[in-house]
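None of the figures in this text is laboratory data; all of them are computed from the coordinates on show. As the structure is a prediction and not an experimental result, all values here were calculated from the model. When we count neighbours, we look across all protein chains shown, and the Cβ atoms used for this are built from the backbone with ideal geometry, even at glycine.
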Amino acid sequence: MITNSRKHRSREHLTPDEVQKLLAASKQKGLSRNPERDHALLFVMVRHGLRVSEARNLRMSDVNLAQKTIFIRRLKNGKSTTHPIYNGGEFKALQQYLMLRATIDSEYDNVFLSEQRTPLSRTAIWTLVQKYAHAAELGDLNIHPHTLRHSTGYDLANRGADTRLIQDFLGHQNIQHTVRYTQLAPGRFANLY
């Protein structure tokens, strides 16, 4: 059963392998009537560290496939910026979904729409994340949408990205919100000896 209740979490992020399992689950046949949308949504959320509202408010004009860029409008007084659309699956996922999205007549300019042709709700995104977490056999981690944002920060820190770069990428105003990722990264001690 999928619920929105807060349960104990052993950690607030996914490892890169767990992210791959989640993305693979979103492509499984029979789990959704909108697999292209769901896969692109999860990919963009985890690749760019989007909050739920940032993902649901993403506009068609924010995505430029020709230039391979995506404008990220940060909330919570965050710093909005343009990110590259990365290869390695993200570009293809967006391209496939946006071809379908172009056939949907809606009064809304949001990238990710419900079957009613309205922007996905926060609850719908929460439910999607939990559904695919269970399908990926990650249900015991009690994943929520913000887990994807934390996973981005954790992954960047573990890859050795500079704390200021992670701060800019995630749009944090205060670097104290970013430091948590470098504190979690086991790779930070790799070259001490």
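Positive end of the charge dipole of segment 16-183 (Lys, Arg +1 and Asp, Glu -1 on Cβ, about the Cα centre): tell me which of 82, 65, 49 has its Cα farthest that way. Of the candidates, 82 comes out farthest on the positive side. Every pair of different Cα atoms in segment 100-163 enters the Kirkwood calculation, which places the hydrodynamic radius at 14.0 Å.
For segment 57-173, the dipole from Cβ point charges (+1 on Lys and Arg, -1 on Asp and Glu) about the Cα centre works out to 300 debye, to the nearest 20.
Both radii were evaluated on the Cα set of segment 16-183; the Rg over Rh quotient, with Rh as the Kirkwood radius, amounts to 0.94.
When peptides 124-133, 94-103, 154-163 are ranked by their average number of other Cβ atoms within 10 Å per residue, the highest-first order is 124-133, 154-163, 94-103.
With K and R counted +1 and D and E -1, the other residues having a Cβ less than 10 Å from that of residue 60 yield a net charge of 0. For segment 24-110, the share of alpha carbon pairs falling in successive 5 Å distance bins from zero is 3, 13, 25, 27, 19, 10, 3, 0 percent. Binning all Cα-Cα separations of segment 61-133 at 10 Å, short to long from zero, yields these whole-percent fractions: 16, 39, 42, 2. Given labels modelled 7 Å from the Cα in the Cβ direction, how far is it in nm from residue 134 to residue 96? Using points 7 Å along Cα→Cβ, the separation is 2.4 nm. Subtracting the Cα-Cα distance of residue 109 and residue 20 from their residue separation scaled by 0.36 nm leaves 29.1 nm.
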